[in-house]
1. Looking only at the stretch 64-86, count every residue that is over 24 Å from K29 (Cα atoms) and within 16 Å of the chain's Cα centre (by Cα) and tell me the total.
2. Under 7 Å between Cβ atoms, which residue pairs at least 6 apart in sequence (or on different chains) link something in the stretch 165-178 that is farther than 17 Å from L99 by Cβ with a partner that is of a type in the set (D, E, K, R) and open to solvent by less than 90 Å² (accessible area, probe 1.4 Å)?
3. Tally up the residues in the stretch 26-55 that are closer than 14 Å to G177 by Cβ, charged (D, E, K, R) and out of contact with any Lys or Arg (no Cβ under 9 Å at 6 or more places or on another chain), please.
4. Can you list the helices (runs of 4 or more DSSP H) lying wholly within the stretch 1-117 that have 1 or more residues being open to solvent by less than 10 Å² (accessible area, probe 1.4 Å) and more than 9 Å from the ligand (Cβ to nearest atom)?
5. Let me confirm something: among Y44, Y28, which residue is modelled with pLDDT of 95 or more, within 23 Å of H106 (Cα to Cα), in contact with a strand residue (DSSP E or B) (Cβ under 7 Å, 6 or more places away or on another chain) and not acidic (D, E)?
Amino acid sequence: MKSPIYWNTRIYEIIMKLLYGRTYEGRYKAIAEEVRNLEVLDLYCGDCKLADFVKNYKGADFNKIFIKSAKKRGLDVSLMDITKEKIPENECIVMQGSLYQFIPNHEEIIKRILKSAQKKAIISEPYINLANSKNRVVSLIAKILTKTSEPCDKRFTKQELINLFKKYNVTKIKDLGRDIMGVFEIKFKRDREKGIYKEI
Ligand SMILES: C[S@@+](CC[C@H](N)C(=O)[O-])C[C@H]1O[C@@H](n2cnc3c(N)ncnc32)[C@H](O)[C@@H]1O
């Protein structure tokens, strides 16, 4: 069963603000600075808060409640199970605070994102997690609260994320206080006519 945090966008926003405190807005602003005028596809978009900070926004998530509420806001969002469906090609693909859900298969998602991003991919992930708290009760509550569909007990450390980003030739790494953001400039573009990848 999904955690109550995913039952309503308002509850989600309140909990995120509590968790992130003074770094809450900064996590979106840092991504917006990297995106600039590129078209953004926010994979695992949650409450689509990022849409308040970027111009050309699209989102995708498999939570019907979040998608319905985003559509009411007039956002261009798709209901899709990203694990099963092809990630659409897009100028810039963003994945924020969601990679941990797919451990131990998280590298598959990174590869798929880098393949579908035409100009840039941005992966931003928390390294300070209550789920990692030494206090077992706090850790258990945090794990229950952030559970979506898969059991996800493990969380990344800062060094694990840096190593992971470097493995995929990250261009820039920025510490956002609670999250760490990896920016991947795509150096290969698809030559549509020939159906091959060409370095630009
Ligand atoms: C922890 S939330 C992060 C939301 C948002 N990116 C943020 O940073 O606030 C993870 C999101 O991933 C979505 N999700 C998990 N597995 C998914 C899948 N297979 N396909 C699409 N969305 C998925 C959940 O519905 C949830 O909205």
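1. 5
2. Partner pairs satisfying both residue conditions: T171/E185.
3. Number satisfying all stated conditions: 1.
4. Filter on the stretch 1-117 gives 24-35, 64-72, 106-116.
5. On the way: Y28 fails: in contact with a strand residue (DSSP E or B) (Cβ under 7 Å, 6 or more places away or on another chain).
After ruling out the rest, the residue left standing is Y44.
The values are calculated or read from the model by the stated rules, or taken from the named source; none is laboratory data. Here the structure is a predicted model, which is why all the values come from computation and not from measurement. Every residue, glycine as well, gets a Cβ built from its backbone with ideal geometry; the counts of neighbours run over all protein chains shown. Quick note on the areas: whole protein, heavy atoms, side chains included, nothing else; ligands and nucleic acids left out. Shrake-Rupley method; radii C 1.70, N 1.55, O 1.52, S 1.80 Å.
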